[in-house]
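These notes are about the structure you will find just below.
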Amino acid sequence: MPTWVTTAFKEFEKRFFSEFPLTLIEIPANKRVRSSTVLRLKEEEGQKILASLAPRTMTIALDERGTLMDTQALAKQIERFQSKVAALNFVIGGPDGLSEQCLSKADMRWSLSPLTLPHPLVRIILIEQLYRAISILKNHPYHRA
């Protein structure tokens, strides 16, 4: 990721509340070679993603065809999920999207926007929206509606 993405991510990461620990797991993209197909690359990436998820967690897949939510709805969804499990996984796919296996294993599909967003921005939008939603749950003044 470009330096500006890492800097922005770290800024929000250090603000996160202790009750909502945050861990970033990056799966390196497979190298594209002539014999690679998009389907094969997505499947291989999907297997790595699924292997990285802890057991007894809930997974939210970021997908352009997922549910659109405003920040208040996101806060309520996080609260509902956290009443069921100790941890949530938010999964961003590679440049070709998530594999069908990842999408089918997800407990929810969430669309940040109907727009196609570049991966560096998705990471920043995701962490900012998670921080904002958690701020709502904690009655922290960050969110102003």
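Rule-based calculations on the coordinates, nothing more; no lab input. No experiment lies behind these values; they were computed from the predicted model shown. Note: ideal-geometry Cβ built from the backbone for every residue, glycine included; neighbour counts use all protein chains shown.
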For residue 89, enumerate residues with amide H under 5 Å from its amide H, sequence gap 5+ or separate chain, H modeled in the peptide plane. 58, 59, 60
Expressed in angstrom and rounded, the centroid-to-centroid distance over alpha carbons for segment 37-76 and segment 89-145 is 9
Karplus 3J(HN,Hα) series, Hz, for segment 64-70 with 6.51 cos²θ - 1.76 cosθ + 1.60 (x for Gly, Pro): 4, 9, x, 6, 8, 9, 7
Taking Cα pairs closer than 8 Å and at least 6 residues apart, the relative contact order of the chain in percent is 32
At R0 = 41 Å, how high is the FRET efficiency between residue 36 and residue 11 if r is their beta carbon distance? Nearest 0.05 is fine. 0.70
For residue 64, other-chain or 5+-apart residues with amide H closer than 5 Å (H placed, Pro excluded) are none
What's the tally of Lys pairs in the chain whose alpha-carbon atoms lie under 14 angstrom apart, where the two lysines are 8 or more places apart or on different chains? 4
For segment 51-145, what number results from the quotient of the Cα radius of gyration and 2.2 N^0.38 Å? 1.07
Hey, what number do you get for the chain at 222 nm if only DSSP H runs of n ≥ 4 count, each worth -39500 (n - 2.57), divided across all residues, to the nearest 500? -14000 deg cm²/dmol
Segments 115-123, 29-37 sorted - mean Cβ within 10 Å per residue, highest first: 115-123, 29-37
How much of the pair distance distribution for segment 1-114 lies past 26 Å, counting alpha-carbon pairs only, in percent? 24
Which FRET efficiency, nearest 0.05, do residue 104 and residue 125 yield, Cβ-Cβ r, R0 25 Å? 0.55
Can you work out ³J(HN,Hα) from phi for every residue in segment 47-61, in order, using Karplus 6.51 cos²θ - 1.76 cosθ + 1.60 and θ = phi - 60°, giving whole Hz and x for Gly and Pro? 5, 5, 4, 4, 5, 7, 7, 6, x, 6, 10, 10, 10, 10, 8
Taking θ as phi - 60°, what are the ³J(HN,Hα) couplings along segment 10-24 by the Karplus curve (6.51, -1.76, 1.60), each to the nearest whole Hz, with x for Gly and Pro? 5, 4, 6, 4, 6, 7, 4, 6, 4, 6, 10, x, 10, 10, 9
